[in-house]
Structure formats: structure tokens, C-alpha cells
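S.K.: For reference, the structure I am asking about is given below.
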Amino acid sequence: MTDQTQPTTVLVTGATGYVAGWLVKALLKEGHTVHAAVRDPSNRDKVAHLDALAAEQPGEIRYFQGDLLEDGSYHDAMQGCEIVFHTASPFIASVADPQRDLVDPAVKGTRNVLNSVNATESVRRVVLTSSVAAIYGDNADMANSRTGVFTEADWNTSSNLEHQPYSYSKTEAEKAAWEIAEQQSRWELVTVNPSLVLGPGIKPDATSESFSIFKQMADGTLKPGAPDLAFGLVDVRDVAEAHVRAAFTPEAKGRYITSGHDSSLMGIASILRESFGNDWPFPKRTLPKSLLWLVGPLANKALTRKFISRNVGYPASFDNTKSKKELGMSYRPLPETVDEMFQQMLDAGSIRKR
């Protein structure tokens, strides 16, 4: 852990989220008072896991209502806070119109929180949960990176409303945050940019993008083969740790790629096979790009031909040097992360052998 200042009062937006669970635990463990902003504080089931954490840790937790799309709704939660961790992102059930359903809520939510920061004298630092999606859109973009790998200097310029709209929304939200931060000098902005987040949740039924990958690995969807898709991976507990260090390391500044390992779908599959055996239908072969080109768009709307052509078969590498040097981060071994996540999903009954 970091060499910390005295316990203080902090705000965590989206406190019931996957990364936020581990972040709240780390903050409570260090004795901080956590203002937890959630959509509905009266829903005790949703916060029961956080109550359980608080009962075992020296810090205390207080709940506040916060709605990303309601102006000023974080004002009360922010009072007296020195640090704001903005981890919340809008929950969108379906995306009919990417501008209305993805980009506007992401940007508006970020502006809403930071407008309240501007109006709250006690805040001195904001840690924003961004993503490597704000650094690159497609694996093919790595050819344009100045160093040949993705670094904090890179910005996603290839995503738009038609192509990778989710990544475009993350990029626009982070840009909006820097614009607001640069217009004042009282508080500092630091962003944490994780790659694909894996690992056990504080709640066994936590949901994230990575959970659906594991389900497809287990249920036989990928048995015929997996696309040759490379990406960065990071343990959810390391992402939480990076947030704490970004908040309490005085010299921390700018963006931090938070990625432990360069891997792929087949990389995950081989770890799972090694640990859980061959009687699961984990993929053993890579699907040819030509086959994906033909059937991908039919099988999965996200597998557009443009996505396939700019991602499948391309490497992806992320330089995490800045997080190691400036935040003192070290990253868990990938098999530990993969195995503990799969085991938790097994124990919770969210994956079963077909």
C-alpha cells in the first residue's frame, strides 16, 4: 500500500460496481470515511456486500443517492470530501442511438460530477476511471503509436458513432474531464485507464464484460474455436489498488495505463484448460479470419466486418511502465486472476458444464 496521509473523507461514485467494490474495501481498510453514491440507497440488497465490508474494517461508509444524468445530484455526497473517485458510468440496457444512448450519457455524467467538484471547496483530487478504450479503438491502431506499443500519449482517434461507439463514448468522456480540469487550479485530475478487467468480484454475482467471455468459454459457444483476438488484461484488485495510489501519491499526474498482461482469447483458454482440465469445452483452435469474415456478423452484431478487419490477427501491447514507476504498481500473475474468477463463477452457479 501507499504511504498514506491521515484518513480522510472520500466519495466513490458507482459504489456498487465491479471495480468499486474492491476500491471501497481498500479505502475502508485504511480508515477512510467513504461516501458511497448509488442509484438507490434504500435498496439494502444492493449495498449489503458493502455493509459487510464496513463491519470488518476501521473506516466507515455513508450512502448517498446519485444519478449521473441528474444535474447536481452528487452535491450532497461530495460535501467534506477531499478525494472524488468517479467510477460510475451510465447503465444502458440497449443502444438504439449511440449518440443518445452512449456518448451523451457518458459525457454528461462526467461533466455533472466535475461541475459539483468545481462547486465543492474541499475536493483536491479527482481520480477518474477511464479505459484503454480512450487510448486505442482497434488493434490496428498500434502501428500509429510513436513507440510501437500503446502508451498514455496515445488517444483513440479511430472510433466513432458507427464503429466502436462504446470506445468513442469513453474517449469523449475522458476528453471532457481534461477540458474541465484544465480550466481551474484548485483540484487535480488523474485518470486510471484499465484494459479488460478480470478477477473475482466482492459480490459473487458481479457483472462485467469479462464475465460473458468466461461464460462462452464454459458453455461451449467457443468450442469450435476462438477468434485470434489480442487485448490487455488486468486483475480487478490491481485496478482498485491503482485508484488508491493515484489518489494518495502526491506526485501522481496525468493518465495511467493499468494493464498487467498482454494476452488473448486463446491465452485465457489455455490457462483455464491447464487449471480446470480438458473435460470443459474450452477452445483449442483459432478460427480463421476468413471464416469470421463470413459468419462473424451473423453470430454477433459487435463482430462487424470492420471490427474483424482491424482487430483479428493484430497484436496489442500496453506499456504499464508509468504505473509501475510513478504509482509503485505491481501486477498479479494472470493465472491467479483467471483461476479465481472462474472458480468464483463456478461456486456461484453462474457457469455450468453443458
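S.K.: In the set A247, A269, A252, which member is open to solvent by less than 10 Å² (accessible area, probe 1.4 Å), part of a helix (DSSP H, G or I) and closer than 18 Å to E152 by Cβ? Steps first, answer last, please.
M.R.: Values: A269 fails: closer than 18 Å to E152 by Cβ; A252 fails: part of a helix (DSSP H, G or I).
It is A247.
S.K.: Next up: Could you pull out the residue among A96, A143 that is out of contact with any helix residue (DSSP H, G or I) (no Cβ under 9 Å at 6 or more places or on another chain) and modelled with pLDDT under 95?
M.R.: Values: A143 fails: modelled with pLDDT under 95.
Residue meeting the stated conditions: A96.
S.K.: Can you report the number of residues in region 255-266 which are among the polar types (S, T, N, Q) and open to solvent by less than 10 Å² (accessible area, probe 1.4 Å)?
M.R.: Residues of region 255-266 among the polar types (S, T, N, Q): 258-259, 263-264.
From the residues that got through so far, the ones that are open to solvent by less than 10 Å² (accessible area, probe 1.4 Å) too are 258-259.
Of the residues in that region, 2 qualify.
S.K.: If a residue must be in contact (Cβ under 8 Å) with a residue 12 or more places away in the chain and out of contact with any Ser or Thr (no Cβ under 6 Å at 6 or more places or on another chain), how many such residues does region 124-143 contain? First the steps, then the outcome.
M.R.: Of region 124-143, the ones in contact (Cβ under 8 Å) with a residue 12 or more places away in the chain are 124-142.
From what's left, out of contact with any Ser or Thr (no Cβ under 6 Å at 6 or more places or on another chain): 124-127, 131, 135-136, 139-140, 142.
Number of matching residues: 10.
S.K.: While we're here: Check whether at least one residue in region 221-242 is among the basic types (K, R), surrounded by 14 or more Cβ atoms within 10 Å (Cβ to Cβ) and part of a loop (DSSP other than H, G, I, E, B), and report yes or no.
M.R.: First, the residues of region 221-242 that are among the basic types (K, R): 223, 237.
So of that shortlist, the ones also surrounded by 14 or more Cβ atoms within 10 Å (Cβ to Cβ) come out as 223, 237.
The next check asks that each one be part of a loop (DSSP other than H, G, I, E, B); those that pass are 223.
Checking region 221-242: at least one residue is among the basic types (K, R), surrounded by 14 or more Cβ atoms within 10 Å (Cβ to Cβ) and part of a loop (DSSP other than H, G, I, E, B).
S.K.: S159 - would you say it is part of a loop (DSSP other than H, G, I, E, B) and farther than 17 Å from L11 by Cα?
M.R.: On the way: part of a loop (DSSP other than H, G, I, E, B): yes; farther than 17 Å from L11 by Cα: yes.
It is true that S159 is part of a loop (DSSP other than H, G, I, E, B) and farther than 17 Å from L11 by Cα.
S.K.: Could I ask something else about it? Taking the conditions exactly as written (part of a loop (DSSP other than H, G, I, E, B), crowded, with 22+ Cβ neighbours inside 10 Å and not hydrophobic (A, V, I, L, M, F, W, C)), does Y168 satisfy them or not?
M.R.: no
S.K.: For a quick check of your reading of the model, give me the residue pairs whose first member lies in region 173-196 and is aromatic (F, W, Y), whose second is surrounded by 17 or more Cβ atoms within 10 Å (Cβ to Cβ), with beta-carbon atoms closer than 7 Å and at least 6 apart or on different chains.
M.R.: W178/L189; W187/V117; W187/V123; W187/R125; W187/V126
The values are calculated or read from the model by the stated rules, or taken from the named source; none is laboratory data. Everything numeric in this text was worked out from a predicted model, so none of it was measured. Note: ideal-geometry Cβ built from the backbone for every residue, glycine included; neighbour counts use all protein chains shown. Surface areas here come from the heavy atoms of the whole protein model, side chains and all, with no ligands, DNA or RNA. Shrake-Rupley method; radii C 1.70, N 1.55, O 1.52, S 1.80 Å.
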